[in-house]
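To start, the structure under review is shown below, and the notes come after it.
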Amino acid sequence: MKATCPKNKKHKKFITTAHVMQEWIVDEKGNFLEVEDGGHNLEVTSDPDPDNIWHCAICGEQANVEE
């Protein structure tokens, strides 16, 4: 997979979604209160997908993503 910025090929940082597992502090009903100490991610459960929307982190342009 490769993402490219259509405005500037030198832009190499992108914003997209990934799913991660975190430890939360919850109330007695399981409602979220806060992320446990430091909010470190325990595991990536879904990596960035080429079908997601990707944006250039430098200029904001929607990126082109190839598999």
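A few notes on this one:
- When Gly30 is tested against (1) in contact (Cβ under 8 Å) with a residue 24 or more places away in the chain; (2) of a type in the set (Gly, Ala, Ser); (3) exposed (fewer than 14 other Cβ atoms within 10 Å of the Cβ), just one condition goes unmet, and that condition is (1).
- Residue within segment 53-66 that is under 13 Å from the mean Cα position of the chain (by Cα), modelled with pLDDT of 95 or more and part of a strand (DSSP E or B) present: yes
- Selection of first residues in segment 2-20 that are more than 18 Å from Pro50 (Cβ to Cβ) and of second residues that are of a type outside the set (Phe, Trp, Tyr) and outside any loop (DSSP other than H, G, I, E, B), restricted to Cβ pairs under 9 Å at least 6 apart or on distinct chains, gives the following pairs, ordered by first then second residue: Lys7/Cys56; Asn8/Cys56; Val20/Asn41; Val20/Leu42; Val20/Glu43; Val20/Val44; Val20/Thr45; Val20/Ser46.
- Any hit, segment 36-47, residues being touching a strand residue (DSSP E or B) at 6+ places or on another chain (Cβ under 6 Å), in a strand (DSSP E or B) and among the small types (Gly, Ala, Ser): yes
- Within segment 33-48, the set of residues being surrounded by 13 or more Cβ atoms within 10 Å (Cβ to Cβ) and either of a type in the set (Val, Ile, Thr) or in contact with a Ser or Thr (Cβ under 8 Å, 6 or more places away or on another chain) (or both) comprises Val35, Pro48.
The values are calculated or read from the model by the stated rules, or taken from the named source; none is laboratory data. In this text the structure is predicted, and so the values were computed from the model without any measurement. Cβ sites come from the backbone with ideal geometry, for glycine too, and all protein chains shown count toward neighbours.
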